[in-house]
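S.K.: Just dropping this structure here.
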Amino acid sequence: MTPLPEGGKKRRFSDYYERNPKLRASAIVCHGMNCSVCGFDFEEAYGQRGAGYIEVHHLRPVSALRRPTKVDPKTDMTTVCSNCHRMIHGRKDDVLSLQAMRTLLETSRRGRKAK
């Protein structure tokens, strides 16, 4: 393979969606520190380095909110590991529901066991 250049610095301007850190904290209180899809626990896997780490997922993408909207952390958010979160949002035109993600994961695991 031929080495390719990488790492040039460029400037980018873009829109972003504001997040309320209080919602994140409340979602963690409601849903805990384990992934709601696969059960992964960062502290169990990585010890002290993983303590307190989890990602918070909006069940309705923030990008779909047309204006500032009240969000209930108990019903509108959940906690997920980085891998599940990435797979949920893996395709912009096909964001997976939690149940669809669980089904995908279970199907994949069953397929690997059958081999």
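S.K.: Give ALA114, ALA100, ALA64 a once-over and let me know the one that is at pLDDT below 95, of a type outside the set (Val, Ile, Thr) and farther than 27 Å from GLU18 by Cβ. Walk me through how you get there before you give the answer.
M.R.: Details: ALA100 fails: at pLDDT below 95; ALA64 fails: farther than 27 Å from GLU18 by Cβ.
Answer to the selection: ALA114.
S.K.: If you take the residues of segment 11-43 that are touching a helix residue (DSSP H, G or I) at 6+ places or on another chain (Cβ under 6 Å) and among the aromatic types (Phe, Trp, Tyr), which of them is nearest to ARG102 (Cα to Cα)?
M.R.: PHE42
S.K.: OK, next. So which residues in segment 67-115 are aliphatic (A, V, I, L, M) and touching a Leu at 6+ places or on another chain (Cβ under 9 Å), if there are any at all? Reasoning before the result, please.
M.R.: Within segment 67-115, the first condition is being aliphatic (A, V, I, L, M), and the residues that meet it are 71, 77, 80, 87-88, 95-96, 98, 100-101, 104-105, 114.
VAL71, MET77, VAL80, MET87, ILE88, LEU96, LEU98, LEU104 - these are the residues of segment 67-115 that are aliphatic (A, V, I, L, M) and touching a Leu at 6+ places or on another chain (Cβ under 9 Å).
S.K.: Every residue in segment 31-61 that is assigned to a helix (DSSP H, G or I) and either at pLDDT below 95 or surrounded by 14 or more Cβ atoms within 10 Å (Cβ to Cβ) (or both), please.
M.R.: Here is the first cut: in segment 31-61, the residues assigned to a helix (DSSP H, G or I) are 31, 42-50.
Scanning segment 31-61 gives HIS31, PHE42, GLU43, GLY50.
S.K.: For segment 62-115, how many residues meet the condition of being charged (D, E, K, R), part of a helix (DSSP H, G or I) and within 27 Å of SER26 (Cβ to Cβ)?
M.R.: Just the residues of segment 62-115 that are charged (D, E, K, R), to begin with: 66-67, 70, 72, 74, 76, 86, 91-94, 102, 106, 109-110, 112-113, 115.
When the remaining residues are screened for being part of a helix (DSSP H, G or I), the result is 74, 76, 86, 102, 106, 109-110, 112-113.
With within 27 Å of SER26 (Cβ to Cβ) added as a condition, the list becomes 74, 76, 86, 102.
Qualifying residue count, segment 62-115: 4.
S.K.: Ok, one more. Which one is farthest from PHE40 (Cα to Cα) among residues in segment 64-78 that are out of contact with any strand residue (DSSP E or B) (no Cβ under 6 Å at 6 or more places or on another chain) and hydroxyl-bearing (Ser, Thr, Tyr)? Can you show your working first?
M.R.: Let us first name the residues in segment 64-78 that are out of contact with any strand residue (DSSP E or B) (no Cβ under 6 Å at 6 or more places or on another chain), namely 64-76.
Now drop any that are not hydroxyl-bearing (Ser, Thr, Tyr), which leaves 69, 75.
Numbers: THR69: 30, THR75: 21 Å.
The extreme case among them is THR69.
S.K.: Residue by residue through segment 62-95, note down the ones that are within 30 Å of ARG109 (Cα to Cα) and either among the small types (Gly, Ala, Ser) or exposed (fewer than 10 other Cβ atoms within 10 Å of the Cβ) (or both).
M.R.: Residues satisfying the conditions are THR75, SER82, GLY90, ARG91, LYS92, ASP93, ASP94.
The values are calculated or read from the model by the stated rules, or taken from the named source; none is laboratory data. All of these numbers come straight from a predicted model, not from anything done at the bench. We place every Cβ from the backbone using ideal geometry, glycine too, and count neighbours over all the protein chains shown.
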